[in-house]
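Read the structure below first, then the notes.
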Amino acid sequence: MISPSIQLLADYTDTFWFPTSASSFSDEVDSTYMMVMWMCVLFLVPITFCLFYFAIRYVKANGIPAESQTSHNTPLEIAWSVLPCFLLVAMFARGSIGYIDQRRAPEGSDQVGVKAFKWGWTMDYGNGVFHPELHLVVDRPTKLTMRSSDVIHSLFVPAFRAKRDIVPGRYNEMWFKPSLASEKVSDEELANAIKDTKEKFAGVFDPERYQFTSDGYKYFDLYCTEYCGKNHSEMQSLVVVHETQDELNAWIKKYSGRQEGESPAEYGALLYNRRGCASCHSIDGSKRVGPSFQALYGSEHGIVGQGPIKVDENYVRESILEPKAKIVEGYSPVMPSYKGQLSDDDIDSLIAYLKSLSPSVAAPASEPVANP
Amino acid sequence: MATTNVLNPGFASDSENYLKNTSGVLSWIFTLDHKRIGIMYLIGILSAFAAGGALALAIRAHLLEPDGMLFDNDTYNQVFTLHGAIMVFLFIIPSIPAALGNFLVPVMLGAKDVAFPRLNLCSFYLWVVGAIFFICALLGSGLDTGWTFYTPYSTTTDTSVILATLGAFVLGFSSIFTGLNFIVTINTMRPPGMTWFKMPLFLWATYSTSIIQVLATPVLGITLLLLIAERTMKIGIFDPEYNGDPVTYQHFFWFYSHPAVYIMILPAFGIISELIAVHSHKHIFGYRFIAYSSVAIALLGFLVWGHHMFTSGMSALTTIVFSALTFTVSVPSAIKVFNWLATLYKGSISLTTPMCYAISFIFLFTIGGLTGLFLGVLSVDLHLHDTYFIVAHFHYVMMGGTLIAFLGGLFHWWPKMTGKMFSELGGRISCLIVFIGFNMTFLPQFVLGSRGMPRRYATYDPEFATLHQWSSYGAFLLGIGLLMAGLVLLASLYNGRKAPSNPWGGVTLEWQCTSPPPYYNFSRPPVVGDPYDFHDLSWDDSTQNYVITTPERKLAPQTLPKEMPAHAGGQE
């Protein structure tokens, strides 16, 4: 495994100012940035020089009158008011042209649906495939149609230099064309990381630790940049850019449901991490935004306005699909609904996973579960 | 030999000194003296600044480590929210207009008080009530919305949003009353000879600020009331769950809060215009351009609020129009910087503490202003919006600008306010430490932002750690510098030399009364000419004071002429 300090250096091999340039916008944005920067230097250097030079050159003892009492010079003042305007117009024009490019998605772009919620992302690849990571194909323009189920979020991919707020109650759109495909690490490295994760970190794969995704891709960061509450800083995801459409299709297929030979509880554990449950529900009994999943199944809960209730299959199912129907005492009604985003098999798997976390419930693996 | 008239008012006697002419707590609580109200404001806002500053240091300490050093996420969110809300509503907005402005406006006008002294005291108590609301919010369930109270987060969080917004609502009225008071005072109470273009530039800046306060603040009041109504009655204007639109809130909010940025920075421009001219002992360069640019900024400032919302989903056309308008605001700001530099040129500069702060201001504000250009350029803004680049930019403007100007002004008028001289050496060292600490704190944040670090993050990716640590160490240095500035001023109260009436060589009216001024300021309205005419100024080494020597003015013939015409009562 690479030591953290080398990873740190690896990140800094991009330029001093910018992260890796990975979309069709990023070179234009970077060069506009540098243009503005040089214009600023053009002003800052002479201003700073005059400021400090005059401040030292014209120091006089108390009472010595100033060499000059010139009160104004109208032509000079008009000149320095008007001349900078030409630079301003240049900056404005270039920025606006770049902006219009970013607003207008080309015809025939690929489409990905994005749902932002406190505090996670669900990308909709169609045909019932949802995943928190954003997967794209290099050199294919992709349009994101984004909505939020609670408060305002904002999707930001620094490597693409693209950002757009996601406002509840409306669809906001953005598009970009990735120009750099993600590298894939060797199978051996991936296997080591997965083994390491299983042994030391209870199977919770943290891409930040290895700098690649659980599928072994290097990735670009995706951040939420509109403050959205408690775990705003953890509302991050990953962007992976595939070389070919076939590669993306293969990846999508892998996540289209429970794989052959995978038990519901195992798949439930994957869903728990993949679909954002983990950001609010712990599995070690600690209190987060929502009740912990540890020994939850089969226990009794006080429901606001309804008295105690036993956690069973129907309750769990309802809590996933209609989270605001029954609110556990001591918690706020903040969970978004997963209606239409989880298949029946997904929900069954999650229930099986919950059962596996409750030792008191003898969880026979013989429950009838429909295969996907 | 021509007889001359030396203006040197000497020292105030205890019975006339506004600090001592009456005593007891009640004489302060119920005072109508604008100078005492100014001092009470000063104590209030400096306490708020100390609280906000401590929170800022806590934030920087927390961010020393990628996973956070001090707080859990919820606490961090409350800390940065309170830092922002306290600094904006309780410190920066009232800092220069209410504290220094209250003291200075009537004295600079040669008037005995503001136009409405009781309204003035009312403003102060409204500020106190607003501050109490904030404290209650803090002691209640805190506040975690960010100082902007964006909906629908603010309508759904279970923290004390209503208490805090009521506080901001009340503070808004404090601000409106102060603005109204100054507008009437400046319009009606100028002394003989002071035409609009013979006013000190600080008064022009205060006047422009007051116009914004009176016109923009009511919109904030309305917005916050609607927010409270939305939270309590679900009227469905901002919250999409009840058919509202969150972007409407942003329009309402920034329609006030962008002009409010100019409420914060315009008075700072006014202070710097005074400081640069006085400590260069040279006529301010381009008086009319500076005065007009203040008014231009005040008016243009109403048209650019949309640049806070470039990513939020306005139409492309609206966005581009707001970008164009945004660039126009940069012109008057640039004019001021050029004029200040031209004033320094061939001046007779004294590198006093206030002057050092003024020079820091010009450098820091120039960076703050220039980095605003990056954000006005639309394509670049899409990358930089809501990252640390924004954080660095507005701290360069608000803190490197307004706070440094406020400190410069405080050092400049401290002898006038308290009658004590502070330690020059201590003051200059504090300025140097603040300058270095400030740049070390916020320069790395520009790079953090352009590398993609989002703002308001309680934890961050490890690749940003080095820059964050630089920023934190800079912040601690900055804290030491500010603490030192405060100690230098406090120490002067105990062992400072007695201040003469005009220690810096200013020629505006406040330097023509004693330090501290008598409670009545001037016994009769003084006659004034050009506020930046330094020809008659000379240094008196024996009293360590500048004196203004004017040719003797004969008000009327003292003796009867030998012959008088009949209509004047003489004999034919």
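The values are calculated or read from the model by the stated rules, or taken from the named source; none is laboratory data. As the structure is a computational prediction, the values presented were derived from the model and not from experiment. Because the Cβ atoms are built from the backbone with ideal geometry, glycine has one as well, and the counts that use them run over all protein chains shown.
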Subject >> Search result, residues across the stretch B:339-349 that are touching a Ser or Thr at 6+ places or on another chain (Cβ under 8 Å) and either farther than 26 Å from residue B:301 by Cβ or within 7 Å of chain A (Cβ to nearest Cβ) (or both) >> reply: B:344, B:345, B:346, B:347, B:348, B:349
**OP:** Search the stretch A:103-131 for residues being more than 28 Å from residue A:255 (Cβ to Cβ) and either surrounded by fewer than 16 Cβ atoms within 10 Å (Cβ to Cβ) or at pLDDT 90 or above (or both), and hand back the single one that is farthest from the chain's Cα centre (by Cα).
**Re:** A:107
**OP:** Please verify whether the stretch A:240-254 includes one or more residues that are within 14 Å of the chain's Cα centre (by Cα), modelled with pLDDT of 90 or more and more than 14 Å from chain B (Cβ to nearest Cβ).
**Re:** yes
Original post:
Which of the following residues is surrounded by fewer than 21 Cβ atoms within 10 Å (Cβ to Cβ) and in a helix (DSSP H, G or I): B:31, B:75?
Top reply: B:75
**OP:** Sort through B:231, B:190 and tell me the only one that's in a helix (DSSP H, G or I), surrounded by fewer than 23 Cβ atoms within 10 Å (Cβ to Cβ) and either touching a Pro at 6+ places or on another chain (Cβ under 7 Å) or of a type in the set (D, E, K, R) (or both).
**Re:** B:231
**OP:** Give the residues of the stretch B:91-113 that are in a loop (DSSP other than H, G, I, E, B) and surrounded by 24 or more Cβ atoms within 10 Å (Cβ to Cβ), sorted by residue number.
**Re:** B:109, B:110
**OP:** Being in contact (Cβ under 8 Å) with a residue 40 or more places away in the chain and surrounded by fewer than 16 Cβ atoms within 10 Å (Cβ to Cβ) is the filter here, so list the residues in the stretch A:174-210 that pass it.
**Re:** A:192, A:196, A:203, A:204
Original post:
In the stretch B:484-508, how many residues are over 30 Å from residue B:284 (Cβ atoms) and either crowded, with 23+ Cβ neighbours inside 10 Å or touching a Cys at 6+ places or on another chain (Cβ under 8 Å) (or both)?
Top reply: 0
Subject >> Breaking point among (1) under 25 Å from residue B:362 (Cα atoms); (2) surrounded by 22 or more Cβ atoms within 10 Å (Cβ to Cβ); (3) away from chain A (no Cβ under 12 Å), for residue B:528 >> reply: (1)
**OP:** Considering only residues that are assigned to a strand (DSSP E or B) and more than 9 Å from chain B (Cβ to nearest Cβ), look in the stretch A:149-165 and name the one that is surrounded by the fewest Cβ atoms within 10 Å (Cβ to Cβ).
**Re:** A:155
Original post:
Consider residue B:478 against the criteria (1) at positive phi; (2) within 20 Å of the chain's Cα centre (by Cα): it satisfies all of them except one. Which criterion is unmet?
Top reply: (1)
**OP:** Please list, ordered by first then second residue, the pairs with beta carbon atoms under 8 Å, 6 or more apart or interchain, first in the stretch B:158-178 and free of Cβ contacts under 8 Å to residues at least 40 places away in the same chain and in a helix (DSSP H, G or I), second buried (at least 20 other Cβ atoms within 10 Å of the Cβ) and of a type outside the set (A, V, I, L, M).
**Re:** B:163/B:133; B:163/B:134
Subject >> Selected residue (only one of B:56, B:48 is assigned to a helix (DSSP H, G or I), under 24 Å from residue B:408 (Cβ atoms) and touching a Leu at 6+ places or on another chain (Cβ under 7 Å)) >> reply: B:48
Original post:
Would you call residue A:64 out of contact with any Gly (no Cβ under 7 Å at 6 or more places or on another chain) and more than 7 Å from every other protein chain (Cβ to nearest Cβ)?
Top reply: no
**OP:** Just give me the residues in the stretch A:256-272 being at pLDDT 80 or above and either at positive phi or surrounded by fewer than 18 Cβ atoms within 10 Å (Cβ to Cβ) (or both), in sequence order.
**Re:** A:262, A:263, A:266
**OP:** Kindly provide the set of residues from the stretch B:451-471 that are surrounded by 21 or more Cβ atoms within 10 Å (Cβ to Cβ), farther than 21 Å from residue A:228 by Cα and among the small types (Gly, Ala, Ser), ordered by number.
**Re:** B:471
**OP:** From (1) among the hydroxyl-bearing types (Ser, Thr, Tyr); (2) outside any loop (DSSP other than H, G, I, E, B); (3) under 30 Å from residue B:47 (Cβ atoms), pick out the condition that doesn't hold for residue B:515.
**Re:** (2)
**OP:** For residue A:150, state whether it is assigned by TED's automatic domain parsing to the domain that holds residue A:31, modelled with pLDDT of 90 or more and not hydroxyl-bearing (Ser, Thr, Tyr).
**Re:** no
Original post:
When residues of the stretch B:428-450 are filtered for being more than 17 Å from residue A:18 (Cα to Cα) and buried (at least 24 other Cβ atoms within 10 Å of the Cβ), how many remain?
Top reply: 6
Original post:
Inside the stretch B:310-344, can you point out the residues that are outside any helix (DSSP H, G or I) and without any contact (Cβ under 8 Å) to a residue 40 or more places away in the chain?
Top reply: B:315
Original post:
How many of the residues in the stretch A:25-49 are within 24 Å of residue B:340 (Cβ to Cβ), more than 7 Å from every other protein chain (Cβ to nearest Cβ) and of a type outside the set (A, V, I, L, M, F, W, C)?
Top reply: 1
**OP:** Return a yes/no flag: does the stretch B:291-298 have any residue that is farther than 17 Å from residue A:58 by Cβ and in contact with a strand residue (DSSP E or B) (Cβ under 7 Å, 6 or more places away or on another chain).
**Re:** no
**OP:** Scan the stretch B:269-317 residue by residue and report those that are of a type in the set (Ser, Thr, Tyr) and out of contact with any Leu (no Cβ under 8 Å at 6 or more places or on another chain).
**Re:** B:292, B:293, B:312, B:315
Original post:
List the pairs whose first member sits in the stretch B:227-242 and is under 15 Å from residue B:168 (Cβ atoms), whose second member is not hydrophobic (A, V, I, L, M, F, W, C), and whose Cβ atoms are under 6 Å apart, counting only residues at least 6 apart or on separate chains?
Top reply: B:227/B:165; B:228/B:165; B:231/B:155
Original post:
Out of the stretch A:210-262, which residues are of a type in the set (Gly, Ala, Ser), in a loop (DSSP other than H, G, I, E, B) and closer than 30 Å to residue B:309 by Cβ?
Top reply: A:229
**OP:** Test residue A:338 against the stated conditions and say whether it is outside the structural domain of residue A:132 (by TED's automatic domain parsing), surrounded by fewer than 17 Cβ atoms within 10 Å (Cβ to Cβ) and either at pLDDT below 85 or hydroxyl-bearing (Ser, Thr, Tyr) (or both).
**Re:** no
**OP:** Evaluate the following for residue B:408: is it under 21 Å from the mean Cα position of the chain (by Cα) and more than 10 Å from every other protein chain (Cβ to nearest Cβ)?
**Re:** yes
Original post:
Regarding residue B:378, is this residue without any contact (Cβ under 8 Å) to a residue 24 or more places away in the chain and within 9 Å of chain A (Cβ to nearest Cβ)?
Top reply: no
